[in-house]
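Remarks on the structure that follows.
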Amino acid sequence: MLEVAGLEASYGRARVLFGVDLTVEAGQLLCVMGRNGVGKTTLLNSIMGVLAPAAGTVVFDGEDVTRVPTYERVRRGMGYVPQGHETFPQLTVAENLQVTLEASRHRDRSAIDEALDVFPGLKELLTRRAGFLSGGQQQQLAIARALVTRPRLLILDEPTEGIQPSIVVEIEQAVERLHREAGLAVLLVEQYLDLALRLADAFVIIEGGAVQHSGTADDLRDDQVKRLLAI
Ligand SMILES: Nc1ncnc2c1ncn2[C@@H]1O[C@H](COP(=O)(O)OP(=O)(O)O)[C@@H](O)[C@H]1O
Ligand SMILES: [Mg+2]
């Protein structure tokens, strides 16, 4: 479903990614791990075209999207929830979902109800401005917005970072249901090892600008892996 090959990315003259290769199969949940600052967010931004890669290719559903604009990648089914629960803070919860629907390819209103069913707590907050929600509620809204576009691949950057434990549980359960019941493919950057162990079918560890280790969820228990993650 997603094939990333030889991806290189830089900020000015500072090279961050030196050739990342990874694949997300249809229906698979792949977890990207690695220490702070290794380039996980840079990788996701490059996959989404938010950042233009210096080299390499991104293929989605068999089509090379490396030069395709971000909004078009979203329309083709790549849903992205950037790090830091981004929403439109001045707009209400309902408006946040509505503007996303209007930008989507399908424009089917029932997608909003489906997204709200994933996070029922948001139904009580529809008229609240997003900027007044808690961090966890904003993260749920950010994921709901991505779902409104009806992605076939959901890309999440540290969705549980800095979020109250009760909402971490809700987010984990939501991702699990979307993945296991609805068969959604997921590319998840997650530092919280226990959560990764519960959710991931497979993982890659980024170190030194490339994938240093990859395997199935069982391999994550390996000591070598723990060393790479400095746990
Ligand atoms: N906009 C930017 N301009 C310059 N350097 C950046 C920028 N964003 C990230 N970096 C640097 O790139 C490296 C990788 O960052 P990032 O992709 O955010 O890592 P991670 O998500 O794994 O914590 C870090 O050294 C970071 O300081
Ligand atoms: Mg990051």
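Report the residue count in the range 190-231 for those that are aliphatic (A, V, I, L, M), within 16 Å of ligand 1 (Cβ to nearest atom) and part of a strand (DSSP E or B). Spell out the reasoning first.
Our first condition is that a residue be aliphatic (A, V, I, L, M); within the range 190-231, this holds for 193, 195-197, 199-200, 202, 204-206, 210-211, 217, 220, 225, 228-231.
Checking the rest, the ones that are also within 16 Å of ligand 1 (Cβ to nearest atom) come to 193, 196, 204-206, 210-211, 228-231.
Okay, now just the ones that are also part of a strand (DSSP E or B), so 204-206, 210-211.
Residues in the range 190-231 being aliphatic (A, V, I, L, M), within 16 Å of ligand 1 (Cβ to nearest atom) and part of a strand (DSSP E or B): 5 in total.
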Review point. So is residue 27 away from ligand 1 (no atom under 13 Å from the Cβ), assigned to a loop (DSSP other than H, G, I, E, B) and in contact with an Asp or Glu (Cβ under 9 Å, 6 or more places away or on another chain) or not?
Key: yes
Point to revise | Residue satisfying condition, being within 16 Å of ligand 2 (Cβ to nearest atom), open to solvent by 20 Å² or more (accessible area, probe 1.4 Å), in contact with a helix residue (DSSP H, G or I) (Cβ under 6 Å, 6 or more places away or on another chain) and of a type outside the set (S, T, N, Q), within set 32, 50 | key: 50
Check your understanding: How do the pairs read when you match residues in the range 158-173 that are acidic (Asp, Glu) with residues anywhere that are open to solvent by 20 Å² or more (accessible area, probe 1.4 Å), using Cβ under 6 Å and keeping only pairs 6 or more apart or on different chains?
Key -> 158/83
Review point. Say we look at the range 96-110 and pick out the residues that are touching a Leu at 6+ places or on another chain (Cβ under 8 Å) and closer than 19 Å to residue 140 by Cβ; which of these is most open to solvent (accessible area, probe 1.4 Å)?
Key: 99
Point to revise | Criterion (of a type outside the set (A, V, I, L, M) and in contact with a Pro (Cβ under 6 Å, 6 or more places away or on another chain)) met by exactly one of 131, 215, 209, 136 | key: 131
Practice item. Being under 17 Å from residue 212 (Cα atoms) and either without any contact (Cβ under 8 Å) to a residue 12 or more places away in the chain or open to solvent by less than 10 Å² (accessible area, probe 1.4 Å) (or both) is the filter; apply it to the range 10-21 and report the residue that is farthest from ligand 1 (Cβ to nearest atom). Key: 20
Practice item. Return the pairs, sorted by first residue and then second, in which the second residue is aromatic (Phe, Trp, Tyr), the first residue lies in the range 97-120 and is modelled with pLDDT of 95 or more, the beta carbons are less than 9 Å apart, and the residues are 6+ apart or on different chains. Key: 99/88
Point to revise | Failed condition for residue 187, given (1) assigned to a helix (DSSP H, G or I); (2) within 16 Å of ligand 1 (Cβ to nearest atom) | key: (1)
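Starting from residues that are of a type in the set (S, T, N, Q), more than 16 Å from ligand 2 (Cβ to nearest atom) and in a loop (DSSP other than H, G, I, E, B), keep the ones in the range 103-161 and report whichever is farthest from the chain's Cα centre (by Cα).
127
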Review point. Is it true that residue 75 is modelled with pLDDT under 95 and under 17 Å from residue 2 (Cα atoms)?
Key: yes
Point to revise | Residues that are surrounded by fewer than 16 Cβ atoms within 10 Å (Cβ to Cβ) and not aliphatic (A, V, I, L, M), drawn from the range 171-191 | key: 173, 176, 177, 180, 181, 183
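The values are calculated or read from the model by the stated rules, or taken from the named source; none is laboratory data. Since the model is a prediction, treat every value here as computed from it, not as a measurement. With ideal geometry, Cβ positions are generated from the backbone for all residues, glycine too; neighbour counts draw on all protein chains shown. Surface accessibility is based on the protein's heavy atoms, side chains included, excluding ligands, DNA and RNA. Shrake-Rupley method; radii C 1.70, N 1.55, O 1.52, S 1.80 Å.
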